[in-house]
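First the structure, in the form of structure tokens, and then the observations on it.
The values are calculated or read from the model by the stated rules, or taken from the named source; none is laboratory data. On a predicted model such as this, the values are computed, not experimentally measured, just so you know. In this analysis, Cβ positions are derived from the backbone assuming ideal geometry, glycine residues included, and neighbour counts consider all displayed protein chains.
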Amino acid sequence: MKQNIINYILFGYIYLVLISFIVFQDLLTFYILLQNTLFFLIISLIIFYFHIKYSQKSFTYASIITYSRTIINILLLSIIINIESFNIVNDRNNYTNVLAFIFFISLILDAIDGFLARFLNQVSEFGKKFDLEIDTFLLCLLTFSLYKNFNVGLYVFLIPLFRYVFFILQFRFEWLNSSLPESFRRKFICSGVSILLICCHLSDLNKSLIMAAIISSILLITFSFLKDIIWLYMNNREFKNESTQ
């Protein structure tokens with residue numbers, strides 16, 4: 001297993017370097033490459049630590065795609081951090097469009113890994129957690145990019161913050177740890193919010209449309225999380241009532 005993990009990390013790093021050269025081209029510096037390497041190593045170590053903890057014998061095809069999406073997200077983080085170093089305004093506008101395009105690729109891969117896991121019967125607890133955390137990572141990148149490079153206020157971080165608030169509340173309220181049923185509404189809202197935030201990165205979009213998209217995203221995410229919390233609470237209350245009868 002250890003040899004397989006080393007191989008995945010090695011091929012993953014080659015993949016990262018390759019797409020870094022393709023995206024940055026002559027703007028790729030040793031500093032950016034080193035930055036990408038550090039991000040990659042830290043995130044990969046966390047991923048494979050939990051892969052071993054969940055006693056996974058091998059990386060499934062779905063998890064390989066999720067890992068590829070992780071690497072793409074690392075590249076996105078690098079572009080977001082370094083976009084101000086592109087001094088020419090036209091280049092900066094081009095890179096916001098590049099950001100939107102790469103964000104969209106990551107979102108498409110999200111749909112593919114889920115479909116592949118179900119189609120090949122490779123659904124696992126690790127795979128679900130892995131996919132969920134990378135989804136949240138993508139939302140964090142989208143909001144961070146809008147805050148850093150589009151002069152959007154701190155309120156934009158409410159969008160990914162709900163995930164972590166829910167996680168913290170699970171330690172306080174045991175009933176929040178119950179499993180939620182599969183929900184088309186939840187998946188649709190998550191994808192819809194991601195698409196709205198991706199569209200905000202298009203260089204031709206004006207400020208008012210960006211604000212409308214962000215406010216709509218916050219409202220949609222708020223509605224989705226409140227609905228899930230209410231369902232968990234009601235389900236827990238029904239269970240208690242049945243237990244006392």
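For the reader, a short list of remarks on this structure follows.
- Only listed residue being surrounded by 14 or more Cβ atoms within 10 Å (Cβ to Cβ) and not charged (D, E, K, R), chosen from 219, 154, 176: 176
- Total residues in the stretch 100-121, condition surrounded by fewer than 15 Cβ atoms within 10 Å (Cβ to Cβ) and touching a Phe, Trp or Tyr at 6+ places or on another chain (Cβ under 8 Å): 1
- When the residues of the stretch 28-62 are filtered to those that are in a loop (DSSP other than H, G, I, E, B) and of a type in the set (S, T, N, Q), the one that is surrounded by the fewest Cβ atoms within 10 Å (Cβ to Cβ) is 55.
- Of all residue pairs spaced 6 or more apart or on separate chains, those with beta-carbon atoms under 6 Å, a first member in the stretch 93-108 that is under 12 Å from residue 73 (Cβ atoms) and a second member that is of a type in the set (A, V, I, L, M) are 99/79; 102/76; 103/198; 106/72; 106/138.
- Test: residue 19 is surrounded by 13 or more Cβ atoms within 10 Å (Cβ to Cβ), among the aliphatic types (A, V, I, L, M), within 20 Å of the chain's Cα centre (by Cα) and over 15 Å from residue 73 (Cβ atoms): no
- Any pair with Cβ under 9 angstrom, 6 or more apart, that starts in the stretch 1-27 at a residue that is closer than 21 Å to residue 63 by Cβ and in a helix (DSSP H, G or I) and ends at one that is modelled with pLDDT under 90 and of a type in the set (Gly, Ala, Ser): 4/58
- Conditions (1) modelled with pLDDT of 90 or more; (2) of a type in the set (S, T, N, Q); (3) within 26 Å of residue 149 (Cα to Cα): number failed by residue 66: (3)
- Among the residues listed as 96, 66, 70, the single one being closer than 23 Å to residue 197 by Cα, among the hydroxyl-bearing types (Ser, Thr, Tyr) and over 15 Å from the mean Cα position of the chain (by Cα): 96
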